[in-house]
Amino acid sequence: MTAGAENKPGSGCSQPESRQFDFWIGDWRVTENGKPAGVNRIELILDGCALLENWQGASGSAGKSLNFFDAADGRWHQTWMDSAGGALFLSGKFENGAMRLEGERPASGEQAATRHRITWSPLPNGQVRQLWESSPAGQENWSVLFDGLYARAK
């Protein structure tokens, strides 16, 4: 038996929490400080149970993420992988009108353990702000890694 096998095939994920990240679905042009950062396509997949992110950076980088609400723990989860081998495993909630996911990358080699926090905020004009911050593990010393603005591609 697989996880979720108690759901009938094709039923999708109908709980309201599964729709909290739907504001991110679509084709986007992404800028940072007014300069092109890349394009992103967010697709609803698996009968509405997950979002698939398809990032193509202006610098040639690429990445994908799988995003889903887990009713068992009441949290959203994101698994991210990029073309340079970087991975993030984040979880969090939709609160105060924004999706905030956090996770920690363990120390490796000369790289200290690092916390990551990404917040997606839907804006009144239909755009989305993505704020990605990091902090040394065990601290609250957040630095901005990326502050992007998503505008719908025409």
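Quick look at the values:
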| read-out | value |
| --- | --- |
| Option label - Kirkwood radius over Cα pairs in Å computed here, alternatives (i) 17.5; (ii) 17.9; (iii) 16.5 | (iii) |
| Histogram of C-alpha separations across the range 24-89, 5 Å bin width, % | 4, 17, 22, 24, 18, 9, 4, 1, 0 |
| The range 29-154 - accessible surface per residue (Å², probe 1.4 Å) | 56 |
| Cβ-defined net charge surrounding L51, 12 Å radius [Lys, Arg +1; Asp, Glu -1] | 0 |
| Sequence-distant aspartates and glutamates (8 or more away, or on other chains) whose Cα lies within less than 16 Å of K154 | D27 |
| Nearest-20 debye value, the range 1-143 charge dipole, Cβ charges on Lys, Arg, Asp, Glu | 260 |
| The chain - percent of accessible surface contributed by carbon and sulfur, probe 1.4 Å | 53 |
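The values are calculated or read from the model by the stated rules, or taken from the named source; none is laboratory data. Remember, predicted model here, so these are calculated numbers, not experimental data. Cβ sites come from the backbone with ideal geometry, for glycine too, and all protein chains shown count toward neighbours. These accessible areas exclude ligands, DNA and RNA; they are computed on the full protein's heavy atoms, side chains included. Shrake-Rupley method; radii C 1.70, N 1.55, O 1.52, S 1.80 Å.
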